[in-house]
Amino acid sequence: MARPAEIDVMDVPTASLSARTRYGDDLYTWVQEQVALLRAGRVDALDLDNIAEELSDVGSAQYSQLESALRVLIMHMLKWDQQPEKRTPSWIYSIREQRLRYAKILRKNPGLKPHRDTMRDEIYPISRNWAADECQLLPSEFPPECPYTWDDLLERPFDFDSVKM
């Protein structure tokens, strides 16, 4: 993918910096300008408050992506365990896909690892509700707490031989 044309701020006088794109008006152009200023060493001209906000949002997005993969993974494992007579290959494929997503996100963001127990505990009720809805059962028919260890979540085998066709 080609990089977008970079904005050259080296020739912009400090007085003209007020004419730059405002953060709330055009995020893309604002980002390009901030990158150019940073690369040019013009730290004094950076929009530091909004840069900090964007960096915080990037971290939150990574957390949310990891949480999403884990939520879907747990939901499919609950369905698998609760309704063996309705197992389908798509459940296995979904479990594999979510495990791969989870591993990729964690590999790129190892700082999230210390938060994964809390994350699992917080999203389990949502996964349980989704599984209950999809299985047409009450949430109370599933364990009240997440029944899966990390080994279960990430390594437990799921066999096509147990799928009902």
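What follows is calculated from the coordinates using simple rules that are stated; it is not laboratory data. This structure is a prediction, so every number in the text was calculated from the model and none was measured. Cβ sites come from the backbone with ideal geometry, for glycine too, and all protein chains shown count toward neighbours.
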Check: For region 42-96, which residues satisfy the criterion of being in contact with a Gly (Cβ under 9 Å, 6 or more places away or on another chain) and of a type in the set (Phe, Trp, Tyr)?
Finding: none
Next item on the list: Scan region 29-86 residue by residue and report those that are at positive phi and among the aromatic types (Phe, Trp, Tyr).
Entry: none
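Given region 35-144, what helices (runs of 4 or more DSSP H) lie entirely inside it while holding 2 or more residues that are of a type in the set (Asp, Glu) and loosely packed, with under 14 Cβ neighbours inside 10 Å? Spell out how you get there, then give the answer.
On the way: elements: 48-82, 89-108, 116-135.
By residue number, 48-82, 116-135.
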Item checked: Positions within region 121-151 being among the charged types (D, E, K, R), within 18 Å of Arg87 (Cα to Cα) and touching a residue at least 12 places away in the same chain (Cβ under 8 Å), in sequence order -> Arg128, Glu134, Glu141
